[in-house]
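Here's the structure we're looking at; comments come further down.
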Amino acid sequence: RGKGALKTGEKTAKSEEKQQRRDANQQDNEDLEKVLKELAAMQASEAVAGEVVVPPPSPRANSSLTLHPSGNDLLVFGGEHFDGKKCRFYSDLFRYSIKRNEWRLVSAKQSPPPRSSHQAVAVPSGGGSVFLFGGEFSSANQTQFYHYRDLWCLD
């Protein structure tokens, strides 16, 4: 009879652990559109247009790397980083000067929200522009996804 009570206790503890994980996941699954609106408002209120010399971008996947229309710089936008538990999405734009071996963080009042797996293309005509299309954003534990269908022009 002692072993039965022990097994029941183990099963109960395991069940409680599962419920705690479900509760934590539920808290993480906020409405993504609400989160994105809050991020956009925060970004607009804090952004000052300009460029600042910075260290290289943090490690990330699914970002875009595009040759600047002038042909002298590389542009890195967005991406994501998964640390084994949570996923973080980026909305930063970096400009790498090949000649100076220097990274710059580019900021603007209006910029695309955080995303990864988007497409970017540089068009040299008319002074040069970079077009950014689509991509995705997800909850930190990647149980909910938001797929963008927007187009941004960065000049």
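The values are calculated or read from the model by the stated rules, or taken from the named source; none is laboratory data. The structure displayed is predicted, hence computed values, not measured ones. Positions of Cβ are generated from backbone atoms using ideal geometry, with glycine treated the same way; all protein chains shown enter the neighbour counts. Just the protein is used for accessible areas: all its heavy atoms, side chains included, with ligands, DNA and RNA removed. Shrake-Rupley method; radii C 1.70, N 1.55, O 1.52, S 1.80 Å.
Which pairs turn up if I take residues in the range 130-155 that are assigned to a strand (DSSP E or B) and look for partners that are exposed (fewer than 15 other Cβ atoms within 10 Å of the Cβ) and modelled with pLDDT under 85 with beta carbon separation below 6 Å, at least 6 apart in sequence or on another chain? These pairs meet every condition: TYR146/LEU32.
Exactly one residue out of GLU46, GLU51 is over 24 Å from GLU33 (Cβ atoms), more than 12 Å from the chain's Cα centre (by Cα) and acidic (Asp, Glu), and it is GLU51.
Within this structure, SER97 fails the test of being closer than 23 Å to ASP31 by Cβ and among the hydroxyl-bearing types (Ser, Thr, Tyr). For the residues ASN29, ASN72, the requirement of being modelled with pLDDT of 80 or more and out of contact with any Asp or Glu (no Cβ under 9 Å at 6 or more places or on another chain) singles out ASN72. The set of residues in the range 82-99 being open to solvent by 30 Å² or more (accessible area, probe 1.4 Å), part of a strand (DSSP E or B) and within 14 Å of THR143 (Cα to Cα) consists of PHE82, ARG88. Looking at SER64, SER117, just one residue is open to solvent by 50 Å² or more (accessible area, probe 1.4 Å) and within 15 Å of the chain's Cα centre (by Cα), and that residue is SER117. With respect to (1) more than 25 Å from PRO55 (Cβ to Cβ); (2) of a type outside the set (Lys, Arg); (3) at pLDDT 90 or above, the lone exception for ASP155 is condition (3). Of the residues ALA49, ALA122, ALA41, the single one that is crowded, with 16+ Cβ neighbours inside 10 Å and either over 21 Å from ASP155 (Cβ atoms) or out of contact with any Phe, Trp or Tyr (no Cβ under 7 Å at 6 or more places or on another chain) (or both) is ALA122.
Pairs linking a residue in the range 68-84 that is at positive phi to a residue that is in a strand (DSSP E or B) and surrounded by fewer than 14 Cβ atoms within 10 Å (Cβ to Cβ), with Cβ atoms under 8 Å and 6 or more positions apart or on different chains, are GLY79/ALA61. Residue count for the range 43-58, restricted to those that are touching a residue at least 24 places away in the same chain (Cβ under 8 Å), over 24 Å from CYS87 (Cβ atoms) and either in a strand (DSSP E or B) or polar (S, T, N, Q) (or both): 4. Looking at this structure, is VAL48 at pLDDT below 75 and over 20 Å from ASN141 (Cβ atoms)? Spelling it out, VAL48 is indeed at pLDDT below 75 and over 20 Å from ASN141 (Cβ atoms).
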